[in-house]
Amino acid sequence: MKHLKIDEEKCVACGLCKGVCIRDNIEIDTIAVELESDCFDCGQCSTLCPTGAIELLAYEGQNDSVESYDMNRIPVSYGDMLQFLKQRRTVRWFKEEKIPHETFVKLMKAAYYSPNRQNIQDVEFVVVDEKLDEFMHLVYEIISVREEEFFRIKDLGNYLRDENRNPKRHPLLWEGHQLLLAFSGSQTDAVIAMTRVELMAYTLGLGGFHSLFINMAEETDHEKLMDFFPEIDKEKHMFASFVIGIPRVKYLRTRPHRDIYITFK
């Protein structure tokens with residue numbers, strides 16, 4: 001099966017593509033030649049080619065996603081990036097205004113460029129909005145088996161049973177009223193993609209927090225949880241959940257953290 005479209009007129013047989021192919025799928029004759037090995041469309045050859053002679057057939061017609069850049073110019077400095085990370089804060093207090101659908105589409109650009117194992121690209125996102133209360137009842141139903149272990153789970157049960165509950169004091173969502181979930185066959189892929197989306201959200205003035213208790217529903221009963229998402233392949237798992245919204249508070253300074261230790265061996 002062919003994976004590469006090589007433009008014979010553009011190819012100068014420089015060999016750079018052959019040098020970066022980890023599957024030994026390219027040989028150099030008078031031009032680059034694909035050997036039909038186990039290529040997995042990683043794109044190393046196409047992004048390195050100095051003349052743009054290689055196109056991935058799997059993404060044929062997506063030339064608008066191919067962008068040239070100066071590899072010697074990093075668009076964000078170390079200092080700017082570090083300052084950005086310093087100012088990122090966990091946010092639990094949100095405005096009533098919801099994030100529109102088109103903004104979530106913009107956030108997906110961050111996940112689009114996220115790395116993943118073997119170039120599988122199987123991460124999917126779900127925005128839980130109108131069905132958020134229904135979903136949280138399901139989460140409690142699943143994780144309630146652990147409420148003697150975690151008081152927050154017991155608080156959630158009491159909150160959901162209270163007809164006069166304060167909507168701004170949800171034990172797991174606080175003032176959140178939109179939830180972003182990431183599904184994948186790999187926990188690493190899902191978490192990396194969600195982290196990139198979260199950081200992109202901060203560039204748009206949004207905020208939120210990761211919820212380990214919502215993730216606990218996946219860990220406790222995957223099958224029951226996935227019944228809520230019939231559109232998602234049940235082989236995938238909900239590996240990341242992020243309560244997201246428009247912050248109603250603005251923080252003024254960083255806070256201390258425990259030191260990060262690194263060992264060299």
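The values are calculated or read from the model by the stated rules, or taken from the named source; none is laboratory data. In this text the structure is predicted, and so the values were computed from the model without any measurement. Because the Cβ atoms are built from the backbone with ideal geometry, glycine has one as well, and the counts that use them run over all protein chains shown.
Key figures
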{"quantity": "One residue from M226, M238 being surrounded by 18 or more Cβ atoms within 10 Å (Cβ to Cβ), in contact (Cβ under 8 Å) with a residue 24 or more places away in the chain, in the same structural domain as S184 (by TED's automatic domain parsing) and under 20 Å from the mean Cα position of the chain (by Cα)", "calculated": "M238"}
{"quantity": "Selection status of H137, surrounded by 16 or more Cβ atoms within 10 Å (Cβ to Cβ) and in the same structural domain as E235 (by TED's automatic domain parsing)", "calculated": "no"}
{"quantity": "Those residues of segment 78-104 which are of a type in the set (A, V, I, L, M) and surrounded by 14 or more Cβ atoms within 10 Å (Cβ to Cβ), in sequence order", "calculated": "V91, I99"}
{"quantity": "Check on T263, of a type in the set (V, I, T), in contact with a Lys or Arg (Cβ under 7 Å, 6 or more places away or on another chain) and assigned to a loop (DSSP other than H, G, I, E, B)", "calculated": "no"}
{"quantity": "Criterion (surrounded by 11 or more Cβ atoms within 10 Å (Cβ to Cβ) and under 28 Å from the mean Cα position of the chain (by Cα)) met by exactly one of L107, L35, L16", "calculated": "L107"}
{"quantity": "V249 part of a helix (DSSP H, G or I) and touching a residue at least 40 places away in the same chain (Cβ under 8 Å)", "calculated": "no"}
{"quantity": "Subset tally (residues that are surrounded by 15 or more Cβ atoms within 10 Å (Cβ to Cβ), charged (D, E, K, R) and in contact with a Phe, Trp or Tyr (Cβ under 9 Å, 6 or more places away or on another chain)) for segment 110-134", "calculated": "2"}
{"quantity": "Checking S211 against (1) farther than 21 Å from Y251 by Cβ; (2) in contact with a strand residue (DSSP E or B) (Cβ under 6 Å, 6 or more places away or on another chain), the condition it does not meet", "calculated": "(1)"}
{"quantity": "Residues (hydrophobic (A, V, I, L, M, F, W, C) and in contact (Cβ under 8 Å) with a residue 40 or more places away in the chain) located in segment 137-178", "calculated": "L138, V139, I142, I143, V145, F150, I153, L156, L172, L173, W174"}
{"quantity": "Enumerated helices (runs of 4 or more DSSP H) restricted to segment 53-152, each holding at least 3 residues that are under 19 Å from L212 (Cα atoms)", "calculated": "132-143"}
{"quantity": "Residue, nearest to G61 (Cα to Cα), within segment 1-24, restricted to residues that are free of Cβ contacts under 8 Å to residues at least 40 places away in the same chain and touching a strand residue (DSSP E or B) at 6+ places or on another chain (Cβ under 6 Å)", "calculated": "C17"}
